[in-house]
Amino acid sequence: MREKHKLSGYFLILEEKSNKYNNYVVCQDCIRVLGREAAMKQKFTNTKRACAKHLENCPHWAERHTPEQTLEIIQKAMDYGSKKLYKRQRIVESEVEENLQLKSLSITPSSHGSSNLNNFFYKTSRTNSISSSISEISFQSFGPLDNYAYREVRPEQIEIFERLLLNVTVACGFSFRWIDNPAVVELFKWLNPMLELPDRKQLGGRILKKTTKSLSETILNDAINDDLGIMLAFDGWKNVASQNLLGSVLFTSENNMIIWKVEDISGKRCTGDIIIDETKKSFEELEKQKIKINGLITDSASENAAARKRLRLQYRDKLFLPCFAH
């Protein structure tokens with residue numbers, strides 16, 4: 001793989017090929033000012049000369065760099081890697097090494113303590129020399145931090161990014177409005193201008209529905225693959241909005257709990273008939289998914305006890321049990 005030239009750090013390297021050897025690039029300062037779509041129209045071939053010419057003429061680059069800084073950056077990039085500079089560096093390194101060796105040989109130790117002291121100074125000076133050389137090479141070998149913060153986002157990565165945003169929203173108990181907060185928008189723009197944040201309607205609509213559907217499919221696959229079958233459990237409660245909810249939970253043969261669904265039964269009176277109807281609907285829906293059902297578990301409320309008694313007569317191959325906690 002060809003080594004990147006030293007101006008690559010100031011540009012976003014695209015996956016699109018310009019020719020057999022080079023990709024297209026876009027100036028990161030153009031992306032910062034113009035936005036991704038407008039900056040993409042100014043893409044060009046990733047060569048050292050083309051990048052240098054762009055930096056000389058780019059008004060957005062000039063906002064953050066003086067002409068002297070631009071000239072120095074381009075000059076270092078042009079000089080680095082040339083054979084003359086490489087030979088000159090090797091000559092300097094060899095001269096430093098020879099001088100250190102001569103100094104170490106010219107020192108005559110008068111005692112064991114002075115010998116240790118001389119060895120210490122020799123090792124220290126040698127270490128400092130090598131460290132300075134490494135620091136110089138490291139400084140010249142890497143571009144700015146922006147090269148690692150900015151990158152083009154692929155479609156599959158956007159899907160993961162949106163799912164992670166939803167996970168943060170749920171885990172932290174945020175309102176969907178947090179994504180529209182100017183401080184949040186500014187933070188993500190600083191982290192990577194290539195990322196386009198969804199708004200609250202997209203986060204609570206398209207992204208939530210897509211993630212819920214994907215999670216439901218994963219959950220059902222776990223139940224489908226359970227050869228020994230699952231147990232269905234009902235539980236009812238009221239939420240903060242005073243809605244009567246009926247939750248359905250699946251228990252696998254390995255004692256794993258799968259939260260299946262929740263229904264609003266506020267307009268219905270919770271009787272034994274309601275429990276029987278919901279049980280039949282759930283059995284039919286699970287059987288369509290080819291999930292083996294072993295029975296139903298409910299609490300010991302009077303309507304549930306009456307429903308279990310009647311269901312045992314209709315489904316003699318299944319178990320209908322009260323909850324142990326109740």
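Before moving on, here are some points about what is shown:
- Restricting attention to the stretch 167-185, the residues being more than 30 Å from MET40 (Cα to Cα) and in a helix (DSSP H, G or I) number 7.
- Segments classed as helices (runs of 4 or more DSSP H), wholly inside the stretch 16-131, with at least 3 members that are at pLDDT below 60 and either in contact with a Cys (Cβ under 6 Å, 6 or more places away or on another chain) or loosely packed, with under 12 Cβ neighbours inside 10 Å (or both): 83-106
- Considered as a group, the residues in the stretch 48-72 that are among the aliphatic types (A, V, I, L, M) and under 13 Å from LEU7 (Cα atoms) include one that is farthest from the chain's Cα centre (by Cα), and that residue is LEU71.
- Among the residues of the stretch 282-309, those identified as farther than 26 Å from GLU217 by Cα, out of contact with any His (no Cβ under 9 Å at 6 or more places or on another chain) and surrounded by fewer than 14 Cβ atoms within 10 Å (Cβ to Cβ) are SER302, LYS309.
- Within this structure, THR271 fails the test of being surrounded by 12 or more Cβ atoms within 10 Å (Cβ to Cβ) and not assigned by TED's automatic domain parsing to the domain that holds ASP317.
- In the stretch 33-50, the residue that is farthest from LYS189 (Cα to Cα) out of those that are basic (Lys, Arg) and touching a residue at least 24 places away in the same chain (Cβ under 8 Å) is LYS48.
- Restricting attention to the stretch 220-242, the residues that are part of a strand (DSSP E or B) and either exposed (fewer than 14 other Cβ atoms within 10 Å of the Cβ) or not assigned by TED's automatic domain parsing to the domain that holds GLU254 (or both) total 2.
- Members of the stretch 186-219 found to be in a helix (DSSP H, G or I), surrounded by 13 or more Cβ atoms within 10 Å (Cβ to Cβ) and either modelled with pLDDT of 85 or more or touching a Cys at 6+ places or on another chain (Cβ under 8 Å) (or both), listed by number: PHE188, ARG200, GLN202, LEU203, GLY204, GLY205, ILE207, LEU208, LYS210, THR211
- Some residue of the stretch 254-274 being within 35 Å of the chain's Cα centre (by Cα), farther than 21 Å from LYS213 by Cα and either part of a loop (DSSP other than H, G, I, E, B) or among the basic types (Lys, Arg) (or both): yes
- Considering only residues in the stretch 306-316 that are among the aliphatic types (A, V, I, L, M) and touching a residue at least 24 places away in the same chain (Cβ under 8 Å), the one that is farthest from ARG269 (Cα to Cα) turns out to be LEU311.
- When PHE174, PHE161 are checked against the criterion of being over 30 Å from LYS281 (Cα atoms) and touching a Leu at 6+ places or on another chain (Cβ under 9 Å), PHE161 stands alone in meeting it.
The values are calculated or read from the model by the stated rules, or taken from the named source; none is laboratory data. For clarity, every value in this text was computed on a predicted model and none was experimentally measured. Quick reminder, even Gly has a Cβ in these numbers, built from the backbone with ideal geometry, and neighbours come from all protein chains shown.
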